[in-house]
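Undergrad: Here you go, one structure.
Any read-out appearing in this document is the output of simple, stated calculations on the displayed coordinates, not a laboratory observation. Since this is a predicted model, take the numbers as computed values, not measurements. Here the Cβ is made from the backbone with ideal geometry for all residues, glycine too, and neighbour counts use every protein chain on show.
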Amino acid sequence: EQCDFGLIGLAVMGENLALNVESRGYSVAVYNRTTEKTDEFISGRAAGKKFVGCHTLEDLVKSLKAPRKVMMLVKAGPAVDSIIDQLIPLMDKGDIIIDGGNTLYSDTERRTKYVEEQGLLYSGTGVSGGEEGALKGPSLMPGGSEAAWPELKEIFQAIAAKVGPNDDIPCCEWVGPRGAGHYVKMVHNGIEYGDMQMICEAYFLLKHGIGLTNEELYDVFDEWNRGFLQSYLIEITRDIFSVKDEKTGDFLVDKVLDAAGAKGTGKWMSQLALDLGVPSTLVTTAVYARSLSAVKEARVRASKVLAGPKESYTGDKKQFIEHVRDALYASKIISYAQGFVQLQAAAAEHDWPLNYGDCALLWRGGCIIRAQFLDRIKEAFDADPNLENLLLAPYFTDAIDKAQAGWRNVVTTAATLGVPAPAFAGALAYYDGYRRADLPANLLQSQRDYFGAHTFKRNDMEGTFHAEWLKLRKEPKA
Ligand code: 6PG
C-alpha cells in the first residue's frame with residue numbers, strides 16, 4: 001500500500017513532523033541520508049505506526065501515492081539543491097517537492113522556477129514551533145507553486161496548530177507564490193529576534209536597575225503572561241527563572257554564558273530591509289546585540305577600563321516594573337509594525353499578493369512568536385487590508401499612547417543607570433521619528449548638496465535645485 005506523505009531528513013524536526021502527520025491518520029514514508037537513522041526511527045519512535053522506512057530516494061518516491069508529496073527537512077543550502085536534483089528524474093508531472101527548512105527566500109524563488117520547468121510543483125514552506133510545535137502542531141507558511149496548495153492543504157491544515165474559540169482555525173494558509181512563504185517565515189524569525197531581545201532588556205533592567213531576584217522575576221513574568229503581553233516567549237522566560245542547575249543547585253540561567261549565537265535568519269531580514277530601504281530597526285538592533293554579546297572576552301577586558309554612571313534607582317519599584325511592561329509592549333508593537341512594513345515592501349517588489357491578516361493568523365498559534373495580541377493585528381488588517389502602518393490602527397495608536405509615558409521613563413532610566421536597552425530606545429526613536437511631520441533631513445540634504453552637488457527638492461516649489469552654498473555662506477571668523 002502506498003503512503004500519503006514522504007519526508008526526507010530525520011533530525012529532530014523531521015522525526016517530529018513525520019510523527020505529527022502520521023498521528024492525523026496519514027501513512028508516511030521516510031528517508032534519511034544515513035540509513036541507520038531511518039532504521040532506528042522505524043524500530044523506535046515509529047514502531048507500530050503507519051510508517052515505511054526507505055533506504056533510497058527511489059524507494060521513497062515509489063512508496064508514495066500520486067500526486068506525490070515529498071517534504072525535505074534538511075539543513076538549508078546546497079543539500080536542498082542536491083536532493084531536488086536527485087528527486088526530479090524519479091518524480092512525475094504534478095508531484096510536489098516541499099522545503100520546510102529556514103531557507104533564504106531567493107533560493108526558493110529560484111528553485112520554484114527550476115522545479116516547475118521540470119514539470120513538477122514546488123513549495124517553500126516556513127515551519128515554526130521548534131521540536132514541540134513540529135510534533136503537536138506547528139505554524140506553517142506555505143508558498144511556491146500555486147497548483148501545489150490544493151494538494152497540500154488537507155494534510156498541512158490537519159497537522160498545523162489550531163486557534164480560535166473552538167480551537168479549529170489552523171495556523172496554516174497559502175501565503176503566496178515562489179519565495180513568499182519563506183520570506184514570511186524569515187520575518188517571523190526577525191520578529192522572534194526582536195521579541196527575545198526586548199524581553200532580555202526587560203530582564204536586565206529589572207535585575208540591575210531594581211535588583212529583582214530570579215524568584216521575583218518569575219512572578220513578574222507570570223503576571224505579564226496573564227495580561228496583554230501573554231505569549232509563548234514570555235511564558236518560557238517565566239519558566240526559565242524557576243529552573244535550578246542539577247550540578248550546583250543554583251539557578252541555571254545564572255550559569256549560562258552570556259554570549260549569543262545566531263543561525264542567520266535575523267541577519268537576512270536586516271540585510272533585506274536595507275536593500276528595500278525600509279527601517280526594520282528592531283531586528284537589526286537585535287542582531288547587533290547578539291554580536292556585542294558574542295565578544296565576551298573583549299567585554300570583560302573593557303569592563304575593567306570603561307566607566308559608567310554610579311547612579312542607582314531611587315523611584316518606586318512597583319511602578320518601574322509597570323513601566324518596563326509598558327516599554328516592552330510598546331516596543332513590541334513597533335517591532336511588528338516594522339515587520340509588516342517590510343513584508344509590504346517585499347510583496348510590492350516581488351509581486352506577491354500577501355494577505356497580512358492571514359500572516360497574523362498564521363503566527364497566532366504554533367510558532368515561537370505566538371501571542372495573544374496577534375488577534376488584534378489580524379483585526380487591524382482585516383479592517384483595512386492596505387493599512388500603511390500598524391501604528392495607525394486605532395487599537396495600536398491607543399495602546400502606544402497609553403504606554404508611552406512608562407516607556408519614556410524606562411529609556412531615560414536605562415540611560416541614567418548605564419544599563420543597555422538598545423531595542424527599547426531604538427523603538428522609541430522610530431516612534432518619535434515616524435510620528436513627526438518634520439525631520440532634520442532638510443539639513444542633511446543641504447549638507448549633501450553643499451559638498452557633493454547632490455541637489456535637493458524644496459518644500460515651497462516644484463523642481464530639483466542646487467545652491468552655491470560656499471559662495472552664499474557667511475564668511476567665517478578668521
Ligand atoms: C522557529 C524558530 C526556528 C529557530 C531559528 C532561529 O520558528 O521554530 O525560529 O526556526 O529557532 O533557526 O534560530 P537562531 O536564533 O539560531 O538564528
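Undergrad: Report, in debye and to the nearest 20, how large the dipole of region 5-178 comes out about its Cα centre when Lys and Arg carry +1 and Asp and Glu carry -1 on their Cβ.
TA: So the dipole magnitude of region 5-178 works out to roughly 200 debye.
Undergrad: Between region 1-76 and region 385-430, what's the alpha-carbon centroid distance in Å?
TA: Taking the Cα centre of each part, region 1-76 and region 385-430 sit 46 Å apart.
Undergrad: In whole angstrom, note down how far apart the Cα centers of region 250-274 and region 321-372 are.
TA: Using only Cα atoms, the two centres lie 19 Å from each other.
Undergrad: Another one. Residues with amide H under 5 Å of residue 144's amide H, sequence separation 5 or more or different chain, H placed in the peptide plane at 1.01 Å from N; which?
TA: Sorted by chain and number, the residues that satisfy this are 124, 176, 178, 180, 181.
Undergrad: Region 345-395: which GluC sites (Glu not before Pro) are DSSP loop and have at most 15 other beta-carbon atoms within 10 angstrom?
TA: 388
Undergrad: With both bridge residues required to lie in region 102-211, what share of the DSSP beta bridges run antiparallel, to the nearest 5%?
TA: Here the antiparallel bridges make up roughly 65 percent for region 102-211.
Undergrad: If you don't mind, there's one more thing I want to ask. Whole-Hz ³J(HN,Hα) for each residue in region 180-186, computed from phi via Karplus 6.51 cos²θ - 1.76 cosθ + 1.60 with θ = phi - 60°, x for glycine and proline: what do you get?
TA: These are the phi-based 3J(HN,Hα) values: 4, x, 6, 5, 4, 5, 4 Hz.
Undergrad: About the Cα centre of the chain, how large is the charge dipole given +1 on each Lys and Arg Cβ and -1 on each Asp and Glu Cβ? Please answer in debye to the nearest 20.
TA: Dipole magnitude for the chain comes out near 1320 debye.
Undergrad: Also, I was wondering about something else. Positive end of the dipole of region 431-478, charges at C-beta (+1 Lys, Arg; -1 Asp, Glu), about the Cα centre: which of 431, 447, 464 has its Cα farthest in that direction?
TA: 447
Undergrad: Per DSSP H run of n ≥ 4, the term is -39500 (n - 2.57); total these for the chain, divide by its residue number, and report the mean residue ellipticity at 222 nm rounded to 500 deg cm²/dmol.
TA: So the calculated ellipticity at 222 nm is -16500 deg cm²/dmol.
Undergrad: Could you list the trypsin sites (Lys or Arg not before Pro) in region 1-96 that lie in coil according to DSSP, counting only those with at most 11 other Cβ atoms within 10 Å of their Cβ?
TA: Those that pass, being in a loop and sparsely packed, are 93.
Undergrad: Right, another one. For residue 7, list long-range residues whose amide hydrogen, built 1.01 Å from N in the peptide plane, is under 5 Å from its own amide hydrogen.
TA: Long-range HN contacts for residue 7: 29, 30, 31, 71.
Undergrad: To the nearest 20 debye, what charge dipole does region 146-185 have about its Cα centre, counting +1 at the Cβ of each Lys and Arg and -1 at the Cβ of each Asp and Glu?
TA: 200 debye
Undergrad: Further, regarding this structure: How about region 1-86: which GluC sites (Glu not before Pro) there lie in a loop by DSSP and see at most 11 other Cβ atoms within 10 Å?
TA: Qualifying residues, ordered by number: 1.
Undergrad: Step through the table entries 263/402; 62/267; 255/317; 69/162; 263/304, compare each Cα-Cα distance with 28 Å, and write down the pairs that go over it.
TA: The answer is 263/402; 62/267; 263/304.
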